[in-house]
1. Failed condition for residue 145, given (1) under 28 Å from residue 77 (Cβ atoms); (2) in contact with a strand residue (DSSP E or B) (Cβ under 6 Å, 6 or more places away or on another chain); (3) among the charged types (D, E, K, R); (4) surrounded by 23 or more Cβ atoms within 10 Å (Cβ to Cβ), with all others met?
2. So which pairs qualify, if the first residue must be in segment 114-128 and closer than 16 Å to residue 151 by Cα and assigned to a strand (DSSP E or B), the second must be modelled with pLDDT under 95 and of a type in the set (A, V, I, L, M), the Cβ gap must be under 8 Å, and the two must be at least 6 apart or on different chains?
3. Does residue 287 qualify as being of a type outside the set (Phe, Trp, Tyr) and free of Cβ contacts under 8 Å to residues at least 60 places away in the same chain?
4. Report, ordered by the first and then the second residue, all pairs with beta carbons closer than 7 Å, sequence separation of six or more or different chains, a first member in segment 245-265 that is without any contact (Cβ under 8 Å) to a residue 12 or more places away in the chain, and a second member that is surrounded by 15 or more Cβ atoms within 10 Å (Cβ to Cβ) and assigned to a helix (DSSP H, G or I).
5. Return only the number of the condition from (1) crowded, with 22+ Cβ neighbours inside 10 Å; (2) of a type in the set (Asp, Glu); (3) over 17 Å from residue 120 (Cα atoms) that residue 173 does not satisfy.
6. Quick check on residue 91: is it touching a helix residue (DSSP H, G or I) at 6+ places or on another chain (Cβ under 9 Å), modelled with pLDDT of 95 or more and surrounded by fewer than 16 Cβ atoms within 10 Å (Cβ to Cβ)?
7. Within segment 150-170, restricting attention to residues that are touching a Gly at 6+ places or on another chain (Cβ under 8 Å) and without any contact (Cβ under 8 Å) to a residue 60 or more places away in the chain, which residue is nearest to residue 299 (Cα to Cα)?
8. Taking the conditions exactly as written (surrounded by fewer than 16 Cβ atoms within 10 Å (Cβ to Cβ), of a type in the set (Gly, Ala, Ser) and closer than 24 Å to residue 35 by Cβ), does residue 69 satisfy them or not?
Amino acid sequence: MPTLQLKSVLLTNRMPQDTPKSLGFRFPAEWHPHRATWLSWPHNKDSWPGKIESIYKPYCEFVKAVAEGEEVCINVADAKMETEARKYLKAADADLSKIKFYHHPTNDAWCRDHGPAFVTNGSEKAVINWGYNAWGEKYPPFDLDNQIPGKVADKLALQTFNPGIIMEGGSVDFNEEGIILTTTSCLLNKNRNPHLSQAEIENYLKEYYGATEVWWLGDGIVGDDTDGHIDDITRFVNNNTVVTVVEPDASDENHKPLQENLEKLKTFRFSDGSPLNIIELLMPNPVYYEGQRLPASYANFYIANACVVVPTYRDPKNDPLALEILTNLFKDRKVIGIDSTDIVWGLGSFHCLSQQEPQI
């Protein structure tokens, strides 16, 4: 959808009466059993300038790990791209019988943000087709990405809900009890939905994700071009526990915003008055490429059926610490570290690249 047309839709949008929440749908937590994981094959060289070839090995290691416990669905442009993808995946010894390709052309690979948001009511699934504008129209064109939720819903013969506003999957995180974590720096940014107030945005989140509460943090990490996605800073690991990244070095520019988020997390209370259980994850040593600081964070892990895939950054001290903390939290899944140093040059990692489809 052209940008001007999308803006027109947004400015005239009204909330319908039959929202997913009113029909009993909700967005499950990421640890809820998956039917599949959805990806969009990386192909945009502008996202990894001079480096795209180096990302395929860790990317395919990620696919291989996820496919051990569920189907992996990959959007590709055409048969040629599918053949290329199969070549890389075969070289990584991924189980191709668990990988299914869909000829859905995309502009880029960040399926967490442009992919379908699946909701379920316990007996059926549906897709929330949020609008997508490449993080505030930073990286046009994005018309193909914006069509992906509708294409997937059509292919799977699922009902579609169309909120008519901009929303990205990486900007929200969920537990199984109706709580959404997000940030003001992203969702209140005027490059997303300038016609909506914080209260109105919160209402959309509740009505379309089937939630009861929205907990707001502040700023994201340095180098994050999404204006502060939650999946780089704070993640639910069970219904009452989050991991949140911290930077102990007071001279580091991430120290203050992450400390402010930590203090905010300490104020949240569940409906019974109990506090949130907070586990701190150290940030990795800063990762730079061509003088640019990249949004390297251990919080950008992906919870699959059989494993938790954690990005690592060739940090001999903090990589093992992060893996140890997450291993202690995820007793029912194998925690796997995969080197994301090249992938994060695209300004995202494994969680940004993936979107789960729950089992009913």
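The values are calculated or read from the model by the stated rules, or taken from the named source; none is laboratory data. Here the structure is a predicted model, which means the values were calculated and not measured. Methodologically, a virtual Cβ is constructed for each residue, glycine included, from the backbone with ideal geometry; neighbour enumeration extends over all protein chains shown.
1. Result: residue 145 passes all but (2).
2. From residues that are closer than 16 Å to residue 151 by Cα and assigned to a strand (DSSP E or B), the pairs are 125/360.
3. Numbers: of a type outside the set (Phe, Trp, Tyr): yes; free of Cβ contacts under 8 Å to residues at least 60 places away in the same chain: yes.
In short, yes.
4. 249/255
5. (3)
6. On the way: touching a helix residue (DSSP H, G or I) at 6+ places or on another chain (Cβ under 9 Å): yes; modelled with pLDDT of 95 or more: yes; surrounded by fewer than 16 Cβ atoms within 10 Å (Cβ to Cβ): yes.
Here the answer is yes, as residue 91 does meet what is asked.
7. Step one: list which residues in segment 150-170 are touching a Gly at 6+ places or on another chain (Cβ under 8 Å), which gives 152, 160, 163-167, 169-170.
Pick out the ones that are also without any contact (Cβ under 8 Å) to a residue 60 or more places away in the chain and you get 160, 167.
Working: 160: 30, 167: 20 Å.
Checked segment 150-170; the qualifying residue nearest to residue 299 (Cα to Cα) is 167.
8. Working: surrounded by fewer than 16 Cβ atoms within 10 Å (Cβ to Cβ): no; of a type in the set (Gly, Ala, Ser): yes; closer than 24 Å to residue 35 by Cβ: yes.
In short, no.
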